[in-house]
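> Sharing a structure with you now.
The values are calculated or read from the model by the stated rules, or taken from the named source; none is laboratory data. This structure is a prediction, so every number in the text was calculated from the model and none was measured. Please note: Cβ atoms are built from the backbone with ideal geometry, for glycine as well, and neighbour counts cover all protein chains shown. Heavy atoms of the whole protein, side chains included, go into the accessibility calculation; ligands, DNA and RNA do not. Shrake-Rupley method; radii C 1.70, N 1.55, O 1.52, S 1.80 Å.
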Amino acid sequence: MRTSDFDYQLPENLIAQVPLVCRDTSRLLILDSKTGQIEHATFKDLPSYLSSDDLIVVNDSRVIPARIFANPLGSCSKVELLLLRREEPFIWQAIGRPGRQLKLRKTFKVMNAEVHFEVIEIRNDNTRLVKFSSEQGMDIWGHVPLPPYIRQKLSDKERYQTVYSSQLGSAAAPTAGLHFTTELLNRLGAKGVNVANITLHV
């Protein structure tokens with residue numbers, strides 16, 4: 001088996017650029033594992049396909065404002081940094097572009113903030129270790145990292161979080177959970193469907 005076996009063309013007009021106002025009105029494809037029958041539904045219909053004592057496992061990871069734009073000190077050029085994980089206070093593992101700009105010991109000023117960071121290590125996998133002068137206000141000067149196929153600016157950061165997210169740490173949303181609403185979870189609970197939380201940072 002090769003990864004190319006899974007290649008397919010998805011027309012751009014079928015890629016949603018903004019979330020639905022009502023999350024649970026997204027489309028849901030149902031496959032009956034016994035008969036092979038396919039049915040089209042909406043996500044809010046999910047409770048009718050589950051039974052009491054069924055279990056749904058959700059990822060409660062919350063997206064951090066991990067996309068940082070900055071300028072090298074004394075330069076107008078721009079770099080983009082994506083924070084992957086916080087290794088200790090002020091120090092983050094990150095990837096960035098253009099890589100040729102993100103040289104060891106080079107210092108950058110975060111755009112629209114009085115915050116600097118320095119590249120303190122370049123690792124074998126080409127990730128960088130960067131040290132910030134401050135982490136205060138990161139939710140303001142940091143940006144939610146959207147997938148590259150989403151070109152429209154996100155006006156409400158909460159729309160890229162699941163309703164049950166609580167543990168900060170993801171550089172991208174666990175998108176399969178974005179269709180759940182609090183009301184839908186309540187309906188599942190009333191039916192006896194169990195929900196278990198795990199934390200898997202993306």
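> What are the residues in region 135-155 that are open to solvent by less than 70 Å² (accessible area, probe 1.4 Å) and at pLDDT below 90, if any? Working first, answer last.
Taking region 135-155 and keeping what is open to solvent by less than 70 Å² (accessible area, probe 1.4 Å), we get 135, 137-138, 141-142, 144-147, 150, 154.
Result: Val144, Pro145, Leu146, Pro147, Ile150, Leu154.
> Still on this structure, please answer the following. Filter region 95-133 down to residues that are aliphatic (A, V, I, L, M) and not in a loop (DSSP other than H, G, I, E, B) and give me whichever is nearest to Asn71 (Cα to Cα). I'd like the intermediate steps shown before the answer.
As a first pass, look at region 95-133 and keep what is aliphatic (A, V, I, L, M): 95, 102, 104, 110-111, 113, 115, 119-120, 122, 129-130.
Now narrow it down to the ones that are not in a loop (DSSP other than H, G, I, E, B): 95, 110, 119-120, 122, 129-130.
Details: Ile95: 15, Val110: 7, Val119: 13, Ile120: 17, Ile122: 19, Leu129: 17, Val130: 14 Å.
So, considering only residues that are aliphatic (A, V, I, L, M) and not in a loop (DSSP other than H, G, I, E, B), the one nearest to Asn71 (Cα to Cα) is Val110.
> Do any residues in region 64-78 that are free of Cβ contacts under 8 Å to residues at least 40 places away in the same chain have Cβ atoms under 8 Å from those of residues that are surrounded by fewer than 16 Cβ atoms within 10 Å (Cβ to Cβ) and part of a strand (DSSP E or B), where the two are at least six apart or on different chains, and which pairs are they?
Matching pairs, first to second residue: Pro72/Thr107; Ser77/Asn71; Lys78/Asn71.
> Hey, another quick one. Any residue at all in region 103-116 that's in contact with a Pro (Cβ under 7 Å, 6 or more places away or on another chain), at pLDDT 95 or above, farther than 26 Å from Ala173 by Cα and not hydroxyl-bearing (Ser, Thr, Tyr)? I'd like the intermediate steps shown before the answer.
Restricting attention to region 103-116, the residues satisfying the condition of being in contact with a Pro (Cβ under 7 Å, 6 or more places away or on another chain) are 106, 108.
Imposing the further condition that a residue be at pLDDT 95 or above reduces the set to 106, 108.
Cutting the leftovers down to farther than 26 Å from Ala173 by Cα gives us 106, 108.
Those still in the list that are not hydroxyl-bearing (Ser, Thr, Tyr) too: 106, 108.
Checked against the condition, which is being in contact with a Pro (Cβ under 7 Å, 6 or more places away or on another chain), at pLDDT 95 or above, farther than 26 Å from Ala173 by Cα and not hydroxyl-bearing (Ser, Thr, Tyr), region 103-116 yields at least one hit.
> Separate question: Filter region 148-173 down to residues that are closer than 19 Å to Gln17 by Cα, in contact with an Asp or Glu (Cβ under 9 Å, 6 or more places away or on another chain) and not in a loop (DSSP other than H, G, I, E, B), then give me how many there are.
Number satisfying all stated conditions: 1.
> Name the residue that is modelled with the lowest pLDDT, counting only residues in region 163-196 that are closer than 12 Å to Asp24 by Cα and open to solvent by less than 20 Å² (accessible area, probe 1.4 Å).
Checking each candidate, the answer is Gly177.
> Only one residue in Arg128, Arg100 is of a type in the set (Lys, Arg) and surrounded by fewer than 15 Cβ atoms within 10 Å (Cβ to Cβ), so which one is that?
Working: Arg128 fails: surrounded by fewer than 15 Cβ atoms within 10 Å (Cβ to Cβ).
Selected residue: Arg100, the only one of Arg128, Arg100 that is of a type in the set (Lys, Arg) and surrounded by fewer than 15 Cβ atoms within 10 Å (Cβ to Cβ).
> Here's a follow-up. Which residue pairs have Cβ atoms closer than 7 Å, lie 6 or more positions apart in sequence or on different chains, and pair a first residue in region 150-172 that is of a type in the set (S, T, N, Q) with a second residue that is open to solvent by 90 Å² or more (accessible area, probe 1.4 Å)?
Pairs that qualify, where the first residue is of a type in the set (S, T, N, Q) and the partner is open to solvent by 90 Å² or more (accessible area, probe 1.4 Å), are Ser170/His201.
> Quick check, is Phe108 touching a Phe, Trp or Tyr at 6+ places or on another chain (Cβ under 9 Å), surrounded by 15 or more Cβ atoms within 10 Å (Cβ to Cβ) and either within 18 Å of Trp141 (Cα to Cα) or in contact (Cβ under 8 Å) with a residue 40 or more places away in the chain (or both)? I'd like the intermediate steps shown before the answer.
Details: touching a Phe, Trp or Tyr at 6+ places or on another chain (Cβ under 9 Å): yes; surrounded by 15 or more Cβ atoms within 10 Å (Cβ to Cβ): yes; either within 18 Å of Trp141 (Cα to Cα) or in contact (Cβ under 8 Å) with a residue 40 or more places away in the chain (or both): yes.
Against the criterion (touching a Phe, Trp or Tyr at 6+ places or on another chain (Cβ under 9 Å), surrounded by 15 or more Cβ atoms within 10 Å (Cβ to Cβ) and either within 18 Å of Trp141 (Cα to Cα) or in contact (Cβ under 8 Å) with a residue 40 or more places away in the chain (or both)), Phe108 qualifies.
> Given the conditions (1) at pLDDT below 95; (2) farther than 29 Å from Leu168 by Cα; (3) among the aliphatic types (A, V, I, L, M), and given that Ala41 satisfies all but one, which numbered condition is not satisfied?
Ala41 satisfies every listed condition except (1).
> I would also like to ask the following. If Ser77 meets every condition in (1) open to solvent by less than 60 Å² (accessible area, probe 1.4 Å); (2) on the phi < 0 side of the Ramachandran plot; (3) within 22 Å of the chain's Cα centre (by Cα) apart from one, which number is that one?
(3)
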